[in-house]
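**Student:** Here it is, the structure, as structure tokens.
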Amino acid sequence: MQRINELLTEETIEASAWKALEKSILYYKGRPVGTVAAYDVSVEALNYDQCFIRDFVSSALIFLLKGRTDIVRNFLEETLKLQPKERQLDAYKPSRGLIPASFKVVSDNGEEYLEADFGEHAIARVTPVDSCLWWILLLRAYVVATKDISIAYQPEFQTGIRLIMEICLANRFDMYPTLLVPDGACMIDRRLGIYGHPLELQVLFYAALRAAREMLICQGNQDVIEAIDNRLPLLCAHIRQHYWIDINRLNAIYRFRSEEYGKTAVNLFNIYVDSIPYYELDKWLPKKGGYLAGNVGPSQLDTRFFSLGNLMAIISDLATEEQAQAIINLIEERWEDLVGDMPIKICYPALESEEYRIVTGCDPKNIPWSYHNAGSWPVLIWMLTAASIKTNKPYLATKALEIAQTRLFEDEWPEYYDGKKGRLIGKQARKYQTWTIAGFLLAKELIKNRSYLSLVSFDELPPELISRACEFEIGNVDRYMSR
């Protein structure tokens with residue numbers, strides 16, 4: 001009888017989630033084109049009545065799994081029309097190739113049109129970098145789900161992919177294979193010290209390169225394809241080597257010398273020993289655990305754990321099999337820190353005291369253990385589920401859902417949670433947040449059918465492609481460890 005009651009409860013929760021997801025669908029000229037960010041009528045809408053590209057991904061994936069391919073196709077087609085195709089001389093206008101952060105349906109004299117926001121209305125006016133990367137990944141997921149590659153081969157889609165790749169692969173001052181971006185240009189869309197080469201965007205960049213490489217046809221795109229083929233192994237090797245932290249790597253960094261010059265330098269980024277919290281990491285890192293650092297750059301190694309980047313590194317096969325197991329082992333061993341009472345923290349630990357004031361600019365929404373500053377985001381449940389299944393630890397996904405589902409239902413599907421354990425509904429969190437709802441439903445579906453991972457996963461890059469790129473850096477570290 002108890003098991004029957006549990007099943008009825010789960011069915012009730014899922015039914016509620018589906019009803020809320022259906023209510024969030026945004027229509028344009030009678031056609032479904034996306035989902036609003038949140039359907040919380042108790043507060044002013046602001047921009048939560050718009051469809052955000054990054055937010056819609058979890059909704060789109062669950063729609064694809066359920067055969068609701070029309071809404072995803074409509075979304076892809078309409079957002080592609082919003083992409084600027086001409087070069088801009090005005091620096092205050094969106095560059096050619098950008099995909100907007102969000103869009104809304106506007107009516108004027110009985111006529112409907114879509115109004116895009118490229119960041120010119122956003123808080124702090126930050127232009128999103130991740131929108132175009134998520135758009136390519138979603139296009140590829142649509143192709144995998146429908147087995148219809150013809151959409152990607154349409155001239156307008158080939159142009160759209162090419163323009164995005166031209167932005168990402170453009171000539172630049174930077175000499176790393178990673179993508180140089182400003183603070184606030186991704187899911188963490190407020191100042192949090194992630195400017196430079198943040199992990200989240202590097203992983204999405206890698207996955208978008210893989211997706212674009214699959215969908216671009218050679219005719220007219222050979223230069224872009226060659227650029228992708230050159231960049232991918234370098235990017236892969238760079239992240240696997242320089243972003244990786246485990247106890248062995250920590251030992252190597254701990255003994256780094258600074259101010260090295262020349263080709264034989266081991267401390268390539270001139271990381272200063274006193275900037276790394278070695279003793280906290282020494283206690284926190286499990287013997288068989290590890291993770292990818294939040295950011296790497298000149299004299300910078302951000303040792304915070306960022307969930308989206310690490311989980312997507314597993315899902316997209318950017319992390320090696322050994323690294324993927326180490327990341328999931330870390331999450332399991334440090335479950336109370338990273339998951340607690342609501343999966344899963346966007347980053348860990350929080351910036352506190354003077355560091356919080358300096359790095360965030362005293363942002364009242366990003367106070368310690370809130371919002372982006374180590375708040376808990378239920379949308380990440382689907383990524384935790386996918387990563388757990390991919391590393392053959394599905395019980396972690398089941399455990400996370402058991403923790404979350406009843407509370408999410410009772411709390412009316414909040415955007416995020418606050419506190420060290422995620423026990424407080426976010427101070428400014430919207431309820432009936434669409435990606436919270438969709439993330440929960442998507443996690444449920446992934447547990448039911450492992451094959452759904454193919455929508456967001458790739459095969460391992462051939463080892464010979466990245467061996468040369470790794471050789472120099474790894475050889476130097478090995479020599480340093482043997483001193």
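**Student:** Could you figure out which of (1) farther than 19 Å from PHE103 by Cα; (2) touching a residue at least 12 places away in the same chain (Cβ under 8 Å); (3) of a type outside the set (Val, Ile, Thr) isn't true of LYS19?
**Tutor:** Single failed check for LYS19: (2).
**Student:** For the stretch 191-220, give me the residue count where each residue is under 15 Å from the mean Cα position of the chain (by Cα) and part of a loop (DSSP other than H, G, I, E, B).
**Tutor:** Matching residues across the stretch 191-220 total 2.
**Student:** Can you pull out the residues in the stretch 112-139 that are open to solvent by 10 Å² or more (accessible area, probe 1.4 Å), out of contact with any Leu (no Cβ under 8 Å at 6 or more places or on another chain) and under 15 Å from MET312 (Cβ atoms)?
**Tutor:** Result: no residue meets the conditions.
**Student:** Being in contact with an Asp or Glu (Cβ under 6 Å, 6 or more places away or on another chain) and either over 30 Å from ILE367 (Cβ atoms) or at pLDDT below 95 (or both) narrows it down to one residue among GLN154, GLN158, GLN241; which is it?
**Tutor:** Answer to the selection: GLN241.
**Student:** Working carefully through the options ILE228, ILE245, find the one that is in a strand (DSSP E or B) and of a type outside the set (Phe, Trp, Tyr). So that I can check it myself, show each step before the final result.
**Tutor:** Values: ILE228 fails: in a strand (DSSP E or B).
Checking each option against the conditions leaves just ILE245.
**Student:** PHE256 versus (1) over 28 Å from the mean Cα position of the chain (by Cα); (2) open to solvent by less than 10 Å² (accessible area, probe 1.4 Å): which is the lone unmet condition?
**Tutor:** Among (1) over 28 Å from the mean Cα position of the chain (by Cα); (2) open to solvent by less than 10 Å² (accessible area, probe 1.4 Å), PHE256 violates only (2).
Every residue, every condition in (1) open to solvent by less than 20 Å² (accessible area, probe 1.4 Å); (2) not hydroxyl-bearing (Ser, Thr, Tyr), yes or no:
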| residue | (1), (2) |
| --- | --- |
| THR303 | no, no |
| MET312 | yes, yes |
| ASP317 | no, yes |
| GLU333 | no, yes |
| LEU338 | yes, yes |
| GLU355 | no, yes |
| GLY375 | yes, yes |
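**Student:** Contact list please: Cβ distance under 6 Å, first residue in the stretch 358-376 and part of a strand (DSSP E or B), second residue modelled with pLDDT of 95 or more, pairs at least six apart or on different chains.
**Tutor:** Final answer for the pair search is SER370/ASP418; ASN373/ALA350; ASN373/LEU351; ASN373/ASN366; SER376/MET342; SER376/LYS345; SER376/TYR417; SER376/GLY422.
**Student:** Any idea which of LEU169, LEU268, LEU199, LEU216 is out of contact with any strand residue (DSSP E or B) (no Cβ under 9 Å at 6 or more places or on another chain), open to solvent by less than 20 Å² (accessible area, probe 1.4 Å) and either modelled with pLDDT of 95 or more or not charged (D, E, K, R) (or both)?
**Tutor:** Details: LEU169 fails: open to solvent by less than 20 Å² (accessible area, probe 1.4 Å); LEU268 fails: open to solvent by less than 20 Å² (accessible area, probe 1.4 Å); LEU199 fails: out of contact with any strand residue (DSSP E or B) (no Cβ under 9 Å at 6 or more places or on another chain).
The unique qualifying residue is LEU216.
The values are calculated or read from the model by the stated rules, or taken from the named source; none is laboratory data. Computed from a predicted model, the values in this text were never measured in an experiment. Cβ coordinates were reconstructed from backbone atoms using ideal geometry, including for glycine residues, and neighbour counts include every protein chain displayed. These accessible areas exclude ligands, DNA and RNA; they are computed on the full protein's heavy atoms, side chains included. Shrake-Rupley method; radii C 1.70, N 1.55, O 1.52, S 1.80 Å.
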